[in-house]
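Encoded as C-alpha cells, the structure appears first; notes follow it.
The values are calculated or read from the model by the stated rules, or taken from the named source; none is laboratory data. In this text, all values refer to a predicted model and were calculated from it rather than measured experimentally. FYI the Cβ positions are ideal-geometry reconstructions off the backbone, even for glycines, and counts take in every protein chain you see. Surface accessibility is based on the protein's heavy atoms, side chains included, excluding ligands, DNA and RNA. Shrake-Rupley method; radii C 1.70, N 1.55, O 1.52, S 1.80 Å.
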Amino acid sequence: GDKVKGRVDMERRRQLMSHHTAAHIINGVCRRMFGNHIWQAGANKSLHEARLDITHYENFSPEQIDLIEKEANRLVMRDIATEVSFQERDEAEACYGFRLYQGGVVPGKTIRVVDVPGVDAEACGGLHVRRTGEIGPIRINRSKRIQDGVVRIEYQSGMAAVESMIHDKTAVGEVAEELNVPRDQAVAAVAKLRSE
C-alpha cells in the first residue's frame, strides 16, 4: 500500500537512447557499404560503451572503420527525423521486408517499427532519439571477429564519445609533452625513441 514516486534519470536515458539509435545507423551504414549480407547478430548498450554484432565474412580494416564512422556521423549531422509507428505485421513486412527482424522476430499482430528513413528500419521496442542530430558524435573504438561470419563493432556515441575523445586528447598531449614535441609529431617521436 506504500505510494512510490518514480523519476526518470534523463541524462542516463539520453545516453542509452543515443547508443540505441546509433546501433541502427551503424547497421544501416555497414549494409549500404558492404552488402545485404549484413545482419544484426546481437547488440548491447550500456552507459559508457555499446556494441553491435553483425554478420560479415572478415574483420574490418582500420580504413574501413574510419569510413563507417565518417558515414555514420554524416547521417547524424543530417539530423534525420526518426519515425516510430505501430503497424500491422503484414503491412510492415510488405513495406520493409523481413529485414525488420534484425533483433529477432517480435510477437503480436501489431509491431512497433523504428525507421531512420533511407538508413534502417527495424521492429524495435527500444527508446530512440527523435532526430539523428540528438545522437551526438559516433566513435567506433574497435572491431573484432568474434566467430565465423560475425564481427563485433564496439562504439560510443553522445557524451560517452565526447568523454572518450577528451581522454584520448589528454593522453596524446601528455605523451607529446613528455617527448617535448608538438602533439601532431607524438607518434613519429615515439617511433624514433623506440628505434633508438
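Selection of strands (runs of 3 or more DSSP E) fully inside segment 81-196 by the criterion of at least 2 residues being crowded, with 16+ Cβ neighbours inside 10 Å and under 25 Å from the mean Cα position of the chain (by Cα) returns 110-116, 120-123, 138-147, 150-157. With the structure loaded, tell me whether ILE111 is of a type outside the set (D, E, K, R), in contact (Cβ under 8 Å) with a residue 24 or more places away in the chain and out of contact with any Phe, Trp or Tyr (no Cβ under 6 Å at 6 or more places or on another chain) or whether it fails that test. Here the answer is yes, as ILE111 does meet what is asked.
Could you check segment 8-47 and list, in sequence order, the residues that are in a loop (DSSP other than H, G, I, E, B), open to solvent by 60 Å² or more (accessible area, probe 1.4 Å), closer than 17 Å to LEU127 by Cα and of a type outside the set (A, V, I, L, M, F, W, C)? Give the derivation first.
Initial filter on segment 8-47 (in a loop (DSSP other than H, G, I, E, B)): 8-9, 35-39, 46-47.
Still in the running and open to solvent by 60 Å² or more (accessible area, probe 1.4 Å): 8-9, 36-37, 39, 47.
Okay, now just the ones that are also closer than 17 Å to LEU127 by Cα, so 8-9, 47.
If the condition is that a residue be in a loop (DSSP other than H, G, I, E, B), open to solvent by 60 Å² or more (accessible area, probe 1.4 Å), closer than 17 Å to LEU127 by Cα and of a type outside the set (A, V, I, L, M, F, W, C), then ASP9 is the only one that fits.
In segment 183-196, the residues that are within 16 Å of THR170 (Cα to Cα) form Cβ pairs under 8 Å with partners that are open to solvent by less than 70 Å² (accessible area, probe 1.4 Å) and among the small types (Gly, Ala, Ser), at six or more places apart or across chains, as follows: ARG183/GLY173; ARG183/ALA176; GLN185/ALA176; ALA186/ALA176. Annotation note: of GLU49, GLU58, the sole residue that is of a type in the set (Asp, Glu), in contact (Cβ under 8 Å) with a residue 40 or more places away in the chain and under 17 Å from ARG31 (Cβ atoms) is GLU58.
Taking the conditions exactly as written (within 25 Å of GLU163 (Cβ to Cβ) and in a helix (DSSP H, G or I)), does ILE68 satisfy them or not? Taking the combined requirement at face value, the residue satisfies it.
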